[in-house]
1. Where does the chain land on Rg(C-alpha)/(2.2 N^0.38 Å)?
2. Ranking request for peptides 39-47, 65-73: highest mean number of other beta-carbon atoms within 10 Å first, then the rest in descending order.
3. Any lysines with Cα under 19 Å of the residue 12 Cα? List them, leaving off those in the same chain fewer than 8 positions away.
4. Got a number for carbon plus sulfur as a percent of segment 20-79's accessible area, 1.4 Å probe?
5. For the chain, report the accessible area per residue in Å² (1.4 Å probe, heavy atoms, rounded to an integer).
Amino acid sequence: MCSSDLARIGKKKRPFYRIVVTEKTRPRNGRFVEIVGTYDPLKNPAEVRLVEDRIKYWLGCGAQPSDTVRSFLRNQKLV
């Protein structure tokens, strides 16, 4: 089973996240299947970029988005 989650890649005090598809058993910043977007909380307003066709594909395959990713998808009207 796969899930959509955030993986932190930013420096100390400068968070930046990738929205990734991972196996449920993998750690947050561990190996992932595919990058499907980015999230930059430091920009005003926060910037979220999503690859819509790949997100729709993975949701169709049964991937479960985390609560935060689900809120991004709702704001972009993908869920």
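The values are calculated or read from the model by the stated rules, or taken from the named source; none is laboratory data. Since this is a predicted model, take the numbers as computed values, not measurements. Glycine gets a Cβ as well: all are built from the backbone with ideal geometry, and neighbour counts include every protein chain shown. Note: accessible area is taken over every heavy atom of the protein model, side chains too, but ligands, DNA and RNA are not part of it. Shrake-Rupley method; radii C 1.70, N 1.55, O 1.52, S 1.80 Å.
1. On the way: Rg = 12.1 Å, N = 79, 2.2 N^0.38 = 11.6 Å.
Normalised by 2.2 N^0.38 Å, the Cα Rg of the chain equals 1.04.
2. The most tightly packed comes first, giving 65-73, 39-47.
3. Result set, ordered by chain and number: 43.
4. Values: 1890 of 4080 Å².
Carbon and sulfur together cover 46 percent of it.
5. On the way: 5410 Å² over 79 residues.
With all protein chains present, the chain gives 68 Å² per residue.
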